[in-house]
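One structure is given below, encoded as structure tokens.
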Amino acid sequence: MNMYTTTIIEARTLGEAWEKACKVMLTKGHKRHVAAPEYQTETLDLPMLIKVEKPMQEPRLSSLAEDSREVIEEYSKSYVFGYKDPKKEKEFEYTYHSRLRCYPDCKVRAWLPAVSEDKKDLTSQIREIIPDGKCVVERIDQVDYAIKIFKKDPTRRTVVLSTWIPYRDLMKFGPRREDTSSPCLVLIHPQLVDGFFHFFVVMKTNDLYNAWPGNAFAFSNLQKYMAEKIGVKVGTYTHFSISMQIYQDKWVEAKRKFKIK
């Protein structure tokens, strides 16, 4: 029987949610081998959806988490607002801040026909959109756009913030990608319902034991930031990782911490 099915965790706070999720993963996680070029390891892995009723209520960080509150707070600020020193941001191939608030896009990609039913080459199609054939890339602040949209139309259901750049992020073995990674965060789909701003986060993979506390803390801080700008209350926080995992080098430590034999 295949037990690799989506597991749902429900909790009132982020801290409680993480502890519940770790205990479930340590007892019911599916053993899965990872053979990435940069590392090979075993994991406990499940598709996991974590629903948090009050993401801004304490404890937002479990006392059992690996990182301190100070470290998590600093990480969260860099996620929402970027690093104070622009040079720091450029040290990374990408950051969640850069992908969400400085996303590179262009008119060609936005307005190119969905399919080509004739034999026009790509250059000809581009020139129909931009006469000189040059694609001008613009940096888009998706967070700011989303805030403006919700202020104008609070009923909007289709606001999606994306980090994914297919040409780069799918090309694991292409130029400049052999030794780099793609964003674990894929998209954020906020919903404004009855005056409450709910956050739905989707991640392709997520290190539950080490990274989830900081990720959820930062993502929900972005949720609060946006809610305040829109002028509404913070709602629920839902976090779905298609491949949530605990790496093998943490199994013994985590089981001891959560008193699991």
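Kindly establish whether ILE126 is at pLDDT 95 or above and surrounded by 11 or more Cβ atoms within 10 Å (Cβ to Cβ).
When the stated conditions are applied, ILE126 does not pass them.
Go through the range 75-91 and count every residue that is over 17 Å from the mean Cα position of the chain (by Cα) and surrounded by 14 or more Cβ atoms within 10 Å (Cβ to Cβ).
Summing the residues that are over 17 Å from the mean Cα position of the chain (by Cα) and surrounded by 14 or more Cβ atoms within 10 Å (Cβ to Cβ) in the range 75-91 gives 2.
Looking only at the range 78-97, count how many residues are part of a helix (DSSP H, G or I) and either hydroxyl-bearing (Ser, Thr, Tyr) or touching a residue at least 40 places away in the same chain (Cβ under 8 Å) (or both).
Qualifying residue count for the region: 4.
I'd like the residue in the range 47-67 that is hydrophobic (A, V, I, L, M, F, W, C) and out of contact with any His (no Cβ under 6 Å at 6 or more places or on another chain) and, out of all such residues, is farthest from ILE246 (Cα to Cα).
Applying the filter and picking the extreme gives MET56.
Regarding the range 188-206, can at least one residue be identified that is in the same structural domain as THR155 (by TED's automatic domain parsing), polar (S, T, N, Q) and surrounded by fewer than 16 Cβ atoms within 10 Å (Cβ to Cβ)?
Looking through the range 188-206, none of the residues is in the same structural domain as THR155 (by TED's automatic domain parsing), polar (S, T, N, Q) and surrounded by fewer than 16 Cβ atoms within 10 Å (Cβ to Cβ).
Residues to consider are VAL136, VAL159; find the one that is out of contact with any Lys or Arg (no Cβ under 9 Å at 6 or more places or on another chain) and either within 25 Å of ILE188 (Cβ to Cβ) or not assigned by TED's automatic domain parsing to the domain that holds LEU222 (or both).
Going through VAL136, VAL159 in turn, the sole match is VAL159.
From the list SER62, SER68, SER78, which residue is assigned by TED's automatic domain parsing to the domain that holds LEU192 and touching a Gly at 6+ places or on another chain (Cβ under 8 Å)?
SER62
Here is a check on your reading of the model: is LEU185 under 23 Å from the mean Cα position of the chain (by Cα), modelled with pLDDT under 90 and either small (Gly, Ala, Ser) or in the same structural domain as GLY82 (by TED's automatic domain parsing) (or both)?
It is false that LEU185 is under 23 Å from the mean Cα position of the chain (by Cα), modelled with pLDDT under 90 and either small (Gly, Ala, Ser) or in the same structural domain as GLY82 (by TED's automatic domain parsing) (or both).
Which condition number in (1) closer than 30 Å to ILE147 by Cβ; (2) without any contact (Cβ under 8 Å) to a residue 12 or more places away in the chain is the one that ALA35 fails?
(1) is the only condition that ALA35 fails.
Out of all the residues in the range 237-250, which are of a type in the set (A, V, I, L, M, F, W, C) and buried (at least 18 other Cβ atoms within 10 Å of the Cβ)?
Of everything in the range 237-250, those that are of a type in the set (A, V, I, L, M, F, W, C) and buried (at least 18 other Cβ atoms within 10 Å of the Cβ) turn out to be PHE240, MET244, ILE246.
Tell me, yes or no, whether the range 214-231 has at least one residue that is part of a strand (DSSP E or B), touching a helix residue (DSSP H, G or I) at 6+ places or on another chain (Cβ under 8 Å) and either farther than 24 Å from SER68 by Cβ or β-branched (Val, Ile, Thr) (or both).
no
List the residue pairs whose Cβ atoms are under 9 Å apart, where the first residue sits in the range 238-261 and is assigned to a loop (DSSP other than H, G, I, E, B), the second is of a type in the set (A, V, I, L, M), and the two are 6 or more positions apart or on different chains.
Between residues of the range 238-261 that are assigned to a loop (DSSP other than H, G, I, E, B) and residues that are of a type in the set (A, V, I, L, M), the close pairs are PHE258/LEU26; PHE258/LEU64; ILE260/LEU26; ILE260/ALA254.
The values are calculated or read from the model by the stated rules, or taken from the named source; none is laboratory data. Only a predicted model underlies this, so the values are computations on that prediction, with no experimental measurement involved. Ideal geometry is used to build each Cβ from the backbone, glycine not excepted, and the neighbour counts take in all protein chains shown.
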